[in-house]
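The values are calculated or read from the model by the stated rules, or taken from the named source; none is laboratory data. What you see is a predicted model; the values in this text were computed from it and never measured. Note that each Cβ is placed from the backbone with ideal geometry, even for glycine, and that neighbours are counted across all protein chains shown. Note: areas computed on protein heavy atoms with side chains; ligands, DNA, RNA excluded. Shrake-Rupley method; radii C 1.70, N 1.55, O 1.52, S 1.80 Å.
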Amino acid sequence: MSDKVKNIALSSDGSAVRILDQTRLPGEVVYLDLRTREEMYEAIKALRVRGAPAIGIFAAWGLYVLAQGYGESEFFSRLDADCGYLISCRPTAVNLARQAERMRALAHSMAGRPVPDIVAALGREAKAIHEEDIAMCRAIAEAGLSLLHPGDTVLTHCNAGPLATSEYGTGLGPLLLAAERGVEIKAYVDETRPLLQGARLTAWELMNAGVNCTLICDNMAALAMKQGRVQAVLAGCDRMAANGDAANKIGTSGAAIIARHYGVPVYILLPSSTIDLSCPTGADIPIEERDGEEIRSMWYEKPMAPAGVKCWDPAFDVTDHGLITAIVTEKGVIYPPYDVNLKKLFG
Ligand code: MRU
């Protein structure tokens, strides 16, 4: 693996998963070593580690670390319990359940073999999951860049960069690759209320990479598009249904509706590990709801809303497939009809 941002890694002695605590960015770069299931659950819940592919990779490494502490008689019962516990933390991104289940299935396929052999195999599997994501993100960046032109400006939403995946990221991959090649693609970065992943994380990543970016509030995207400032919307995805409906950070759907109105193409970039053909449509994707304090008081010195006001805080929305101009995966650019073409490539 290269020396790009390491949001997730195994500690050098192999006894912990090391994460870059994303809640401390952009002000502080703090790494945490996590060893217990409770620490791992809290890190996912609090979005210290976040982004669909990243939480899948994290769960894989986490289960490897936890498995090192299981005794022989309890090995599978503890693995199953820890797997279910981590999966229960966040429901929308399919990567979390998919990668945790992949680890569990591998271990069960080795039942009867010595525990140290199973644990070693889990370590190799976690590494494979991580390396596959790096390769997929690189391919997505390349395919996504083929849709853009030098001098274009894109709109980003949430954070779909290296912090949310590995290395290039998905939605930000084309921008990072362009910067490496000296091609100027600029970005308007939606701050992404309520948790400000755009302001805190995307702006940080793009500035570090030398991408010319401008931060805007979410409600400024319509004016930017009306004035012809944006040539494409680039977003990641937490789970894509079989018909191409795409669950992603709350607000993505609104940006896509505005883009349709002003004739701006919308590209959803994701690895195949985020496609869930078992969900026929977006209506089958569970949407996480979070604590209303994120709206009411978080980020403010004093709460910005009346004490006790009711809040509804869905963390994701679903962009209808009809609003998506193209889907970009590691297998290239996919155009409608998505139900047919997704099944052809990934069925
Ligand atoms: O709640 P978050 O910050 O985990 O939400 C993340 C997103 O919505 C990302 O856009 C998505 O996971 C794609 S990341 C490549």
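Data table
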read-out: Residue-span extension gain [residue 288 to residue 30] - 0.36 nm each, minus C-alpha spacing; value: 90.2 nm
read-out: Protein accessible area in the chain, 1.4 Å probe - carbon and sulfur %; value: 55
read-out: In degrees, nearest ten, helix 75-87 long axis to first principal axis of the chain (Cα); value: 20
read-out: Rg followed by Dmax, in Å, when the chain is reduced to its Cα trace; value: 19.8, 66
read-out: Whole-percent pair-distance distribution, where bins are 10 Å wide, for the alpha carbons of the stretch 65-131; value: 20, 56, 22, 2
read-out: Accessible-area ranking of 250, 334, largest first, probe 1.4 Å; value: 250, 334
read-out: Accessible area in square angstrom per residue, the stretch 68-147, 1.4 angstrom probe; value: 43
read-out: Cα long-axis angle, helix 52-67 against the chain (0 to 90 degrees, to the nearest 10); value: 10
read-out: Ranked packing of 69-76, 202-209, 280-287, most packed first, by mean Cβ within 10 Å; value: 202-209, 280-287, 69-76
read-out: Normalised contact order of the chain, rounded percent, pairs of Cα under 8 Å and 6 or more residues apart; value: 15
read-out: Rounded to the nearest 20 debye, dipole of the chain from Cβ charges on Lys, Arg, Asp, Glu; value: 420
read-out: Helix 94-109 axis, angle to the chain major axis (alpha carbon atoms, nearest 10°); value: 20
read-out: Positive-end residue, the chain charge dipole about Cα centroid, Cβ charges, pick of 203, 120, 179; value: 179
read-out: Computed [θ] at 222 nm, deg cm²/dmol, the chain (DSSP H ≥ 4; -39,500 (n - 2.57); rounded to nearest 500); value: -11500 deg cm²/dmol
read-out: The stretch 289-308 versus the stretch 81-113: alpha-carbon centroid distance in Å; value: 34
read-out: Links that overshoot a 31 Å alpha carbon limit, given the list 226/310; 186/331; 186/310; value: 226/310; 186/310
read-out: Stokes-Einstein translational diffusion, the stretch 8-137 - Kirkwood Rh over all Cα pairs, 1.002 mPa s, 20 °C, in µm²/s; value: 147
read-out: Gaussian network model of the chain, Cα within-10 Å springs - most flexible of 289, 42, 301; value: 301
